[in-house]
Amino acid sequence: MKELLAILLSAIIIDNFVLSKFMGICPFLGVSKKFESAIGMGIAVIFVMVCSTLVTYPFYMGILLPLKLGYLSNMSFILIIALFVQLIEIFLKKTMPALYKALGVYLPLITTNCAVLGVTLLNINNNLTFVQSIFNALGGGIGFTVALLLFSGVRSRLETCDIPETFKGVPSTLIAASIVSVSFMGFSGLIEGIFGK
Amino acid sequence: MSTQNNLPAEEKSAKSPINWVDFTKGLIKENPTLVGLLGMCPTLAITTMAQNGIGMGLATTFVLVCSNIVISLLKNVIPKAVRLPCFIVIIAGFVTFTGFILKGYFPALYDALGLYLELITVNCIILGRAEVFASKNSLVPSILDGLGMGIGFTGALFVMGSIREILGAGSWMGLQIPMTPLTIFIMPAGGFFVLGCIIAAVNKIAGKKPPKELGCHGCPNAESCTACAKGGENK
């Protein structure tokens with residue numbers, strides 16, 4: 001239990017997918033303008049990350065590994081994620097229209113979000129167990145959401161600032177991201193401190 | 001080529017199969033990273049060293065040229081509705097292949113790139129070129145386009161890697177530079193900072209207004225992305 005909590009926490013704040021691994025930068029910069037869309041995107045990412053881990057991990061362990069096809073992981077995972085996102089979309093549309101209305105527009109974007117492919121591949125590369133993988137995916141998704149929400153707050157302040165002409169738009173956004181990333185650096189060593197690894 | 005597609009703008013002038021504009025536009029004018037603002041993940045993640053930047057750039061160029069070749073040849077076979085999954089699988093195949101080559105011949109680079117090598121699969125430069133260019137043009141222009149964009153990407157990674165390595169580690173391509181390294185520049189925060197400054201510098205030099213939005217025009221997801229950013233109202 002302690003170990004799972006350590007994985008969850010470190011995926012959320014220390015190895016944050018966006019701010020320390022640079023995965024999912026596109027949605028991080030593109031969808032962080034509004035608080036509401038940041039929440040929607042975040043929840044959709046958590047959902048897809050956990051669900052695709054639930055599918056890809058057994059697929060790798062049960063089919064690819066016994067057939068000695070481990071090198072196909074990249075190709076098959078991206079296909080599984082793409083398929084899966086489509087299925088989720090259809091499923092939500094039929095059964096939970098309210099949730100579909102909230103998340104629907106974010107789902108197609110997630111196929112090409114490298115954080116999702118990244119988390120499924122990392123779970124395999126780091127030799128995590130099934131339960132650990134799920135916690136890692138959950139933590140990764142929550143971390144993505146936290147970064148997105150924090151950054152949407154920073155950006156709403158940035159909108160009203162008087163910035164030099166050359167730095168307006170993307171450059172100032174990136175520099176703001178750098179400062180948010182510095183604040184996350186403060187968490188390094190936290191896990192060792194709490195759990196004494 | 002007998003199967004000329006009747007598409008607007010850029011390819012109208014292509015009377016001879018070799019049109020060097022297809023190649024040169026990717027180098028500076030439409031540089032995918034600094035002007036197009038695509039492929040941000042690898043640009044930020046692996047540019048802690050200039051060497052890694054070149055390695056990543058060349059690996060991406062290889063995948064980009066190969067996938068452009070295959071996609072331009074198959075453009076009439078792939079059904080429009082399922083084109084994105086098809087493109088991704090083609091790209092993923094070449095990425096796996098590149099991974100084998102690097103693992104066999106350049107193990108140090110393979111270790112340095114790590115997971116980001118596999119993530120070339122979802123690099124939006126490659127998917128973007130497949131969607132915007134290769135699926136609409138014939139073989140030779142697609143190869144030139146892939147080469148140009150790839151070299152432009154490599155150049156941007158090299159510049160970014162050089163700045164971060166010199167400032168952050170006090171070395172460059174194996175040379176030691178007599179200065180106190182500012183470690184922050186090779187940490188994630190430094191990556192965002194340097195990229196922001198480079199893009200600002202490019203805007204200043206090019207003398208144009210900095211882009212308000214990311215260069216999503218090449219990304220197949222652009223439409224839904226804009227919809228999200230506007231508040232996520234679903235139709």
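The values are calculated or read from the model by the stated rules, or taken from the named source; none is laboratory data. This structure is a prediction, so every number in the text was calculated from the model and none was measured. Here the Cβ is made from the backbone with ideal geometry for all residues, glycine too, and neighbour counts use every protein chain on show.
Identify all residues within the stretch A:22-80 that are within 17 Å of A:A137 (Cα to Cα), in contact with a Phe, Trp or Tyr (Cβ under 7 Å, 6 or more places away or on another chain) and touching a residue at least 60 places away in the same chain (Cβ under 8 Å); write none if there are none.
A:M23, A:G24, A:M41, A:G42, A:A44, A:V45, A:S52, A:T56, A:Y57
So A:S188 clears everything in (1) modelled with pLDDT under 80; (2) part of a helix (DSSP H, G or I); (3) not basic (K, R) except one condition, right? Which one?
(2) is the only condition that A:S188 fails.
Taking the stretch A:178-197, which residues are farther than 13 Å from B:M187 by Cα and within 7 Å of another protein chain (Cβ to nearest Cβ)?
none
Could you tell me whether any residue of the stretch B:219-231 is closer than 30 Å to B:M49 by Cβ, modelled with pLDDT of 75 or more, surrounded by 13 or more Cβ atoms within 10 Å (Cβ to Cβ) and out of contact with any strand residue (DSSP E or B) (no Cβ under 7 Å at 6 or more places or on another chain)?
Scanning the stretch B:219-231 turns up no residue that is closer than 30 Å to B:M49 by Cβ, modelled with pLDDT of 75 or more, surrounded by 13 or more Cβ atoms within 10 Å (Cβ to Cβ) and out of contact with any strand residue (DSSP E or B) (no Cβ under 7 Å at 6 or more places or on another chain).
Is it the case, given these coordinates, that A:C26 is surrounded by fewer than 19 Cβ atoms within 10 Å (Cβ to Cβ) and either modelled with pLDDT of 85 or more or in contact with a Ser or Thr (Cβ under 9 Å, 6 or more places away or on another chain) (or both)?
Considered against the rule, which asks whether it is surrounded by fewer than 19 Cβ atoms within 10 Å (Cβ to Cβ) and either modelled with pLDDT of 85 or more or in contact with a Ser or Thr (Cβ under 9 Å, 6 or more places away or on another chain) (or both), A:C26 comes out as no.
So for the stretch B:136-146 (the condition being within 14 Å of another protein chain (Cβ to nearest Cβ) and either modelled with pLDDT of 85 or more or under 17 Å from B:N76 (Cα atoms) (or both)), does at least one residue qualify?
Scanning the stretch B:136-146, I find no residue that is within 14 Å of another protein chain (Cβ to nearest Cβ) and either modelled with pLDDT of 85 or more or under 17 Å from B:N76 (Cα atoms) (or both), so the answer is no.
Please determine whether any residue of the stretch A:112-130 is of a type in the set (A, V, I, L, M, F, W, C) and surrounded by fewer than 15 Cβ atoms within 10 Å (Cβ to Cβ).
yes
When you go through B:S72, B:S135, B:S142, B:S67 one by one, which is the residue that is touching a Lys or Arg at 6+ places or on another chain (Cβ under 6 Å) and in contact (Cβ under 8 Å) with a residue 60 or more places away in the chain?
Just one listed residue meets the conditions, B:S135.
On the basis of being away from chain A (no Cβ under 12 Å) and within 30 Å of B:L73 (Cα to Cα), does B:G170 make the cut?
In short, no.
Within the stretch B:97-120, identify whether any single residue is under 15 Å from the mean Cα position of the chain (by Cα) and more than 9 Å from chain A (Cβ to nearest Cβ), and answer yes or no.
Yes.
Only one of these conditions is not met by A:P97: (1) free of Cβ contacts under 8 Å to residues at least 40 places away in the same chain; (2) surrounded by 15 or more Cβ atoms within 10 Å (Cβ to Cβ). Which number is it?
Among (1) free of Cβ contacts under 8 Å to residues at least 40 places away in the same chain; (2) surrounded by 15 or more Cβ atoms within 10 Å (Cβ to Cβ), the lone unmet condition for A:P97 is (2).
Which of the helices (runs of 4 or more DSSP H) contained wholly in the stretch A:83-162 include at least 2 residues that are more than 12 Å from chain B (Cβ to nearest Cβ) and more than 14 Å from the chain's Cα centre (by Cα)?
A:130-159
Would you mind listing the helices (runs of 4 or more DSSP H) fully within the stretch B:1-92 where at least 3 residues are modelled with pLDDT under 85?
Where helices (runs of 4 or more DSSP H) fall fully within the stretch B:1-92 and carry at least 3 residues being modelled with pLDDT under 85, they are B:20-24, B:40-45.
Report, by residue number, each residue of the stretch A:22-57 that is more than 7 Å from chain B (Cβ to nearest Cβ) and within 19 Å of A:F151 (Cα to Cα).
Scanning the stretch A:22-57 gives A:G24, A:P27, A:F28, A:S32, A:F35, A:A38, A:I39, A:G42, A:I43, A:A44, A:V45, A:I46.
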